[in-house]
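A short write-up of the structure that comes next.
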Amino acid sequence: MLLKKAYTLVFIRTATQILLGFKKRGFGVNLYNGFGGKIEPNETIVDAALRELKEECCLTVRKSDLKNVGHLEFSFEGEPNLMVVSVFSSNIYEGTPKDTEEMSVKWFNYSEIPFQKMWPDDAIWLPLMLENKLFYGRFHYINNNTIGHYKVEELKSMEEFYAKRNLGSVN
């Protein structure tokens, strides 16, 4: 049985652009991604998402402006952990995106997202988010570059998804 570990992933967007961070160290190094990470003890998922966003690109978002848009699960061949990722999006933020020790930040037009420099699964589910659709995805990686199998589905409601799976709320 896999041990579940909870993470967050936040994307800042405009009508035509998305802000991505190029990972300088740690898990996902040398890849573009959104901003997020582990949930600390006694921290809600939303609070963790907001903290990670501030730490990784110096932006602030109000809780009410952060929308839960997806749920992703990742397993890796030979690893005992299941990464459970709550995905958030916002187009309202305060501050100016800045590089940090962990990430270099860059805006991309939707038509120029560097999928070849991202996790392979991003090309599968990220277009749903860009179309303002809610989604669930489960990916099993054979190694960090190869997806063995996956399932992605569009959701009607995040609340309904969490209730159906007895997962509670992300708030």
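The values are calculated or read from the model by the stated rules, or taken from the named source; none is laboratory data. It should be emphasised that the depicted structure is a prediction, and the values quoted were computed from it without experimental measurement. Every residue, glycine as well, gets a Cβ built from its backbone with ideal geometry; the counts of neighbours run over all protein chains shown. Ligands, DNA and RNA are excluded from the accessible area calculation, which covers all protein heavy atoms including side chains. Shrake-Rupley method; radii C 1.70, N 1.55, O 1.52, S 1.80 Å.
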Those residues of region 11-29 which are in contact (Cβ under 8 Å) with a residue 24 or more places away in the chain and either open to solvent by 60 Å² or more (accessible area, probe 1.4 Å) or touching a Phe, Trp or Tyr at 6+ places or on another chain (Cβ under 6 Å) (or both) amount to Ile12, Ala15, Thr16, Gln17, Ile18, Leu19, Leu20, Gly21, Phe22, Lys24, Arg25
Kindly indicate whether any position in region 98-110 is within 16 Å of the chain's Cα centre (by Cα), surrounded by fewer than 21 Cβ atoms within 10 Å (Cβ to Cβ) and of a type in the set (Val, Ile, Thr).
yes
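This table checks each residue for (1) touching a Ser or Thr at 6+ places or on another chain (Cβ under 9 Å); (2) farther than 23 Å from Phe139 by Cα; (3) in contact (Cβ under 8 Å) with a residue 24 or more places away in the chain.
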| position | (1), (2), (3) |
| --- | --- |
| Cys58 | yes, yes, yes |
| Leu82 | yes, no, yes |
| Phe88 | yes, no, yes |
| Tyr93 | yes, yes, yes |
| Pro97 | no, yes, yes |
| Val105 | no, yes, yes |
| Ser111 | yes, yes, no |
| Asp121 | no, no, yes |
Quick check on region 114-137. Is at least one of its residues crowded, with 20+ Cβ neighbours inside 10 Å and β-branched (Val, Ile, Thr)?
no
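Just checking, how many residues over region 118-142 are assigned to a strand (DSSP E or B) and of a type in the set (Gly, Ala, Ser)? Break it down stepwise before answering.
Taking region 118-142 first, the residues assigned to a strand (DSSP E or B) are 118, 134-142.
Next cut, of a type in the set (Gly, Ala, Ser) only: 137.
Of the residues in that region, 1 qualify.
Assess whether Trp107 counts as being of a type in the set (A, V, I, L, M, F, W, C), in a strand (DSSP E or B) and under 23 Å from Gly21 (Cβ atoms). Can you show your working first?
Working: of a type in the set (A, V, I, L, M, F, W, C): yes; in a strand (DSSP E or B): yes; under 23 Å from Gly21 (Cβ atoms): yes.
In short, yes.
Picking from Glu73, Glu94, which residue would you name as being open to solvent by less than 50 Å² (accessible area, probe 1.4 Å), at pLDDT 95 or above and in contact with a strand residue (DSSP E or B) (Cβ under 6 Å, 6 or more places away or on another chain)? Show your work before the answer.
Values: Glu94 fails: open to solvent by less than 50 Å² (accessible area, probe 1.4 Å).
The match here is Glu73.
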